[in-house]
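Report on the following structure.
Derivation of every value follows stated rules applied to the coordinates shown; laboratory data play no part. The shown structure was predicted, so the numbers you read here are calculated from the model rather than taken from an experiment. Because the Cβ atoms are built from the backbone with ideal geometry, glycine has one as well, and the counts that use them run over all protein chains shown.
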Amino acid sequence: MNTTDTLPVEKFQAGDFKSDLKPIWCPGCGDFGVVTALTRALAAIGRPPHEIAFVSGIGCSSRIPGYTTAYGFNTVHGRSLPIAQGIKLANPELLVLVASGDGDGFSIGGGHVAHVVRRNIDLTYIVMDNQIYGLTKGQLSPTSARGRKTATSNFGSLEDPVNPLLYVLGYGASFVAQGTPLDMVGLAKLIEEGIRFPGFAFINVQSPCVTYGEEEQQLKAQRSRVENLAALGHDPADRARAIELAREYGTKLHTGVLYRNPNPPPTYGEGVLQRQQALRKDAVPRQDILKRFLPQPSA
Ligand SMILES: Cc1ncc(C[n+]2csc(CCOP(=O)(O)OP(=O)(O)O)c2C)c(N)n1
Ligand code: SF4
Ligand SMILES: [Mg+2]
């Protein structure tokens, strides 16, 4: 069940989802574009802010919930997904969004991704992938390229990066997309599509860190690497092709929907609901259960 299809739609502007808090990101940080795209997507969805829960971990990117008018929970580094799953299961009618960084989502929090994917919890997971730990002043992140030099890796990284697109596709995610604030209209559309998708939706955002990121990852430089998947004629239902395209992460910057499962599995929430209904139908009266376990007074 997609919660965006079940409740009445109201008319909102992007500004209705922007809080009065002034972002403290560095001027030019890509995350400014992400919050703008997100608020546009929420206006298009039409759910009021009090019906939205926005969960994040810790990092520059994880500040986003505070800049929106939705309910926000800035949790613990790497633990946004378990908390978001709990919120969604406790209150299935809430629209639940999760914001994370490449470190938060694929380093300390990487182990949670497999489980949210295989349960197909109806969440939209937006990762601001800047290939660096921004908040803690520029250490290697799991998506930093091999050879990447930072203040704490003077001789360059000796590791191959995690590929977030392949990672979630490998676990069987049904909606996988990538965007950039360079294309704000496209990014807002992707977030909207992710929210409307009935199940777990992953959106990797190439959101540059202008302070600690590499020159070739900055917005201006991204322009030469962007390849729009729709313009390439990619069919998002073709998972094998999506995997091939995902392998080009780090060399090309594909934008758009890589994979949208035409027959997504049921969400975990649907399963829970069915189980609850079945249990209610076959419920044995409490007195009968007690009789089985408690000694009965002799006649
Ligand atoms: C348990 C724990 N370990 C480490 C930290 C320190 N820490 C805070 S944010 C962060 C990494 C942030 O990088 P990323 O998730 O990529 O977000 P960005 O700042 O780049 O948006 C780290 C290591 C912490 N807050 N808590
Ligand atoms: S350190 Fe990087 S990621 Fe953090 S606010 Fe500044 S530019 Fe953005
Ligand atoms: Mg980061």
*Considering the Cα trace of the stretch 116-238, what is its radius of gyration and what is Dmax, both in angstroms?*
15.5, 45
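For the stretch 137-201, go through all pairs of different Cα atoms, get the mean of 1/r, take its inverse, and jot down that Kirkwood value in Å.
Roughly 14.1 Å, rounded to one decimal.
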*Which of Thr39, Val113, Val185, positive extreme of dipole for the chain (C-beta unit charges)*: Val113
*Would you mind estimating how fast the stretch 2-143 diffuses translationally, via Stokes-Einstein at 37 °C and 0.692 mPa s with the Kirkwood radius over Cα pairs, in µm²/s?*
214
*Which cross-chain or sequence-distant (5 or more) residues have an amide H under 5 Å from the amide H of Thr211, H modelled 1.01 Å from N in plane?*
none
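Nearest-5 percent of antiparallel DSSP beta bridges in the stretch 3-293?
The antiparallel proportion sits near 20 percent.
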*Calculate the translational D of the stretch 39-85 in whole µm² s⁻¹ from Stokes-Einstein, where the hydrodynamic radius comes from the Kirkwood formula applied to all Cα pairs, the temperature is 25 °C and the viscosity 0.890 mPa s.*
222
*Provide Rg and Dmax in Å for the stretch 3-293, with only Cα atoms included in the calculation.*
19.9, 74
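Over the chain, what is the relative contact order in percent, taking alpha-carbon pairs closer than 8 angstrom and at least six residues apart?
17
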*Return the ratio Rg/(2.2 N^0.38 Å) for the stretch 75-181, where Rg is computed over Cα atoms only.*
1.14
*From phi via Karplus (6.51, -1.76, 1.60), per-residue ³J(HN,Hα) for the stretch 153-161 in Hz, x at Gly/Pro*: 9, 4, 9, x, 5, 9, 10, 7, x
*asked:* With +1 on the Cβ of every Lys and Arg and -1 on the Cβ of every Asp and Glu, and nothing else charged, how large is the dipole of the chain about its Cα centre, in debye rounded to the nearest 20?
replied: 620
*Could you run the Debye sum over the Cα atoms of the stretch 164-228, one equal point scatterer each and no solvent, and tell me log10 of I(q)/I(0) at q = 0.30 Å⁻¹, two decimals?*
-1.23
